[in-house]
Amino acid sequence: MYTLDFGNHAQQQLAPFHSPKFAEYLYLCHAVGFMAPLFSRISFCLYMLRVLGTTSAFRKRSIHAFIALQLIVNVPITIFVFTQCGSFQNLWRHGLLTSSPSCVRHDIIKILALIAVVFNAVTDVYLTLLPAVVVWSIKVMTAKARLGLAATLGLSFFAAIASVIKIYYVYALYTYSPNPLTIERLILVMGVEINIVVIAASIPVLAPLF
């Protein structure tokens, strides 16, 4: 993306947004931004199922539900975004234009994208609260140890913040005229979200090494 010439003038800055190459990069970033956290969230949920071996059936069912919903929401929407114009070439040519006779209506894509980012933010909040509730119920640990473990497993809190911010930038991307600042901040927030979720999902596996 940074190889594209945005220039210093407003008209020059908008030109790359309608180029097929920019659209290709942006949609590929979209795929990474949705699918990478998806598998990390599922990994963390699977770990929590192992931790909750003796806990209530309701908590286990809720985790299974979130795993299923992560797949049901993110995978079809990502596929739909990439097939909205019938072919990749048409999608690249369409770019971020608000309407095209050969593509799905722009407002439908915006609604689906917002559904995905809102649901992912809710999932991150859930994956922050669940470990705290579970760890705090472990009476054999000291309060200090429980607090430290809850904080470690609750890193999804920061991913939830990034997810909430991403809601705004996804909305701005599909609602207003796109500009370099919106794209830059959206990709930055997606990077923060992806890395925090990956770290949070990896900590339980890495803990024995320390």
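The values are calculated or read from the model by the stated rules, or taken from the named source; none is laboratory data. Just so it is clear, the model here is predicted, and its values are computed rather than measured. A quick note on method: Cβ atoms are made from the backbone with ideal geometry, for glycine too, and the neighbour counts reach across all protein chains shown. SASA here: full protein model, heavy atoms, side chains in, ligands and nucleic acids out. Shrake-Rupley method; radii C 1.70, N 1.55, O 1.52, S 1.80 Å.
Output the number of the condition that Tyr169 fails; it satisfies all remaining conditions of (1) more than 23 Å from Ile67 (Cα to Cα); (2) in contact with a Ser or Thr (Cβ under 7 Å, 6 or more places away or on another chain); (3) open to solvent by less than 30 Å² (accessible area, probe 1.4 Å). For Tyr169, the exception is condition (3).
Val81 - would you say it is modelled with pLDDT of 80 or more and in contact with a Lys or Arg (Cβ under 7 Å, 6 or more places away or on another chain)? So Val81 does not fit the description; no. Given the condition in contact (Cβ under 8 Å) with a residue 40 or more places away in the chain and in contact with an Asp or Glu (Cβ under 7 Å, 6 or more places away or on another chain), answer yes or no: does some residue in the stretch 34-42 qualify? Within the stretch 34-42, one or more residues are in contact (Cβ under 8 Å) with a residue 40 or more places away in the chain and in contact with an Asp or Glu (Cβ under 7 Å, 6 or more places away or on another chain).
Only a single item in (1) of a type in the set (S, T, N, Q); (2) within 30 Å of Ala201 (Cα to Cα); (3) open to solvent by 30 Å² or more (accessible area, probe 1.4 Å) is not met by Ser87, and it is number (2). Filtering the stretch 1-41 to residues that are of a type in the set (Phe, Trp, Tyr), modelled with pLDDT under 80 and open to solvent by 50 Å² or more (accessible area, probe 1.4 Å) leaves only Tyr2. Taken as a whole, the structure places Tyr169 among residues that are without any contact (Cβ under 8 Å) to a residue 24 or more places away in the chain and of a type in the set (Ser, Thr, Tyr).
Taking the criterion of being in contact with a Ser or Thr (Cβ under 9 Å, 6 or more places away or on another chain) and surrounded by fewer than 21 Cβ atoms within 10 Å (Cβ to Cβ), the residues of the stretch 175-194 that qualify are Tyr176, Ile194.
Tell me whether the stretch 114-134 contains one or more residues that are open to solvent by less than 20 Å² (accessible area, probe 1.4 Å), touching a Gly at 6+ places or on another chain (Cβ under 8 Å) and either among the charged types (D, E, K, R) or closer than 16 Å to Phe44 by Cα (or both). If you could, list the steps in order and put the result at the bottom.
First, the residues of the stretch 114-134 that are open to solvent by less than 20 Å² (accessible area, probe 1.4 Å): 116-117, 120-121, 123-124, 127, 130-131, 134.
Subsequent filtering for residues that are touching a Gly at 6+ places or on another chain (Cβ under 8 Å) retains 131.
Keeping just the survivors that are either among the charged types (D, E, K, R) or closer than 16 Å to Phe44 by Cα (or both) gives 131.
Checked against the condition, which is being open to solvent by less than 20 Å² (accessible area, probe 1.4 Å), touching a Gly at 6+ places or on another chain (Cβ under 8 Å) and either among the charged types (D, E, K, R) or closer than 16 Å to Phe44 by Cα (or both), the stretch 114-134 yields at least one hit.
Do we have any residue at all in the stretch 161-176 that's farther than 30 Å from Phe22 by Cβ and either under 14 Å from the mean Cα position of the chain (by Cα) or at pLDDT 85 or above (or both)?
Going residue by residue through the stretch 161-176, those that are farther than 30 Å from Phe22 by Cβ are none.
No, the stretch 161-176 contains no residue that is farther than 30 Å from Phe22 by Cβ and either under 14 Å from the mean Cα position of the chain (by Cα) or at pLDDT 85 or above (or both).
Does the stretch 202-209 include one or more residues that are open to solvent by less than 20 Å² (accessible area, probe 1.4 Å) and under 21 Å from Thr128 (Cβ atoms)? Yes, there is a match, as at least one residue in the stretch 202-209 is open to solvent by less than 20 Å² (accessible area, probe 1.4 Å) and under 21 Å from Thr128 (Cβ atoms). Yes or no: Val197 assigned to a helix (DSSP H, G or I) and open to solvent by less than 20 Å² (accessible area, probe 1.4 Å)? So Val197 fits the description; yes. Scan the stretch 141-162 residue by residue and report those that are within 26 Å of Leu186 (Cα to Cα), open to solvent by less than 40 Å² (accessible area, probe 1.4 Å) and free of Cβ contacts under 8 Å to residues at least 60 places away in the same chain. Within the stretch 141-162, Leu153, Gly154, Ala160, Ala162 qualify. Looking across the stretch 163-200, just one residue is among the small types (Gly, Ala, Ser), touching a Leu at 6+ places or on another chain (Cβ under 9 Å) and farther than 18 Å from Leu26 by Cβ, and that is Ala200.
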